[in-house]
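Engineer: Sending over a structure as structure tokens; questions will come in a sec.
Each value in this text was obtained by applying a stated rule to the coordinates, not by laboratory testing. On a predicted model such as this, the values are computed, not experimentally measured, just so you know. Here the Cβ positions follow ideal geometry from the backbone for every residue, glycine too, while neighbour counts run over all protein chains shown.
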Amino acid sequence: METGIKVIPHEIIGCDPDSSEKCQCQKRKSLILFTTFISLESPLRCGDCFRTIPLYNIPKTYDDEYYNILCWESDYQSCDQLQMNCSVGEHFATNQMSKIDSQLSKQGIKVCSEIAKLTKTPTFYYLYRSSGKSINSERKRTCPSCDSTWLLKEQIHSRFDFKCNKCKLLSNIAYDIRNNTA
Ligand SMILES: [Zn+2]
Ligand SMILES: [Zn+2]
């Protein structure tokens, strides 16, 4: 039936130039929903190696498609772009990416729990942190959801300093602080 919507099948047409960047782990202990404005890759990452996982590797998450993941990804990338440009809507975008109760975060956390349910793998959501008061106040930050200590002994994947296993959240020490002390 002609529905007006073109479905592009996943066809293997040769060697994928990005294949070395893809996760090859046999078993994954966790997953991370993560993207940036510049990323052309899947927003799903392996929690162990942080390499990308093509969406067709996991069961369909919404109406026989990945609509909810792609929708979150495009909204997130738009916010990240505004935040990088530092002119229009920077404050709005940064809040959307940083605050746990923003529309963007709520959407992303919901997507994570959907992926977790379908893959039976804990799926983490990342809360961006751009600015803070001091390195000490940053280190003392607690999980914005359950308020427990979540500072990691060592940074993981060169970007996450905080991790709450209970709430499945990740974050970083504010970039302005880290850059000043580094
Ligand atoms: Zn992996
Ligand atoms: Zn927590």
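Engineer: Classify region 89-151 as rounded, prolate or oblate, taking a ≥ b ≥ c as the square roots of the eigenvalues of its Cα gyration tensor: rounded when a/c is under 1.5, otherwise prolate if a/b is larger than b/c and oblate if not.
Structural biologist: Working: a/c = 2.93, a/b = 1.40, b/c = 2.10.
Oblate.
Engineer: For the chain, set up a GNM with springs between Cα atoms under 10 Å and report which of Ser30, Ser78, Ser171 has the largest fluctuation.
Structural biologist: Among Ser30, Ser78, Ser171, the largest GNM mean-square fluctuation belongs to Ser78.
Engineer: I've got another one for you. Per DSSP helix of 4 or more residues, -39500 (n - 2.57); summed, then divided by the residues of the chain. What does that give at 222 nm, rounded to the nearest 500?
Structural biologist: Working: 5 runs with 57 residues, N = 182.
Helix-only estimate at 222 nm: -9500 deg cm²/dmol.
Engineer: Restricting attention to the alpha-carbon atoms of region 120-181, what are Rg (one decimal) and Dmax (integer), both in Å?
Structural biologist: So, for region 120-181, Rg and Dmax equal 11.4, 40 Å respectively.
Engineer: Let me ask something additional. Any chance you could tell me what percent of the C-alpha pair distances in region 30-181 go past 22 Å? Numbers along the way, then the final one.
Structural biologist: Numbers: 4463 of 11476 pairs.
Of all Cα-Cα pairs in region 30-181, 39 percent lie more than 22 Å apart.
Engineer: Compute the relative contact order of the chain as a whole-number percentage, counting only Cα pairs closer than 8 Å that sit 6 or more residues apart in sequence.
Structural biologist: 16
Engineer: Another one. Out of the DSSP beta bridges found with both residues in region 30-181, what percent are antiparallel (nearest 5)?
Structural biologist: Values: 11 of 18 bridges.
Bridges in region 30-181 that DSSP calls antiparallel: roughly 60 percent.
Engineer: Return the whole-Å distance between the Cα centroid of region 65-96 and the Cα centroid of region 108-182.
Structural biologist: 18
Engineer: Right, here's the next one. May I ask you to list the lysines whose Cα is less than 19 Å away from that of Lys140, ignoring any residue fewer than eight positions away on the same chain?
Structural biologist: Here the lysines satisfying the reach criterion relative to Lys140 are Lys99, Lys153, Lys163, Lys166, Lys168.
Engineer: Sort 41-50, 155-164 by the packing proxy (mean of other Cβ within 10 Å over each peptide's residues), most packed first. Don't skip to the end; give the middle numbers.
Structural biologist: Details: 41-50: 19.9, 155-164: 16.9.
Output ranking for 41-50, 155-164: 41-50, 155-164.
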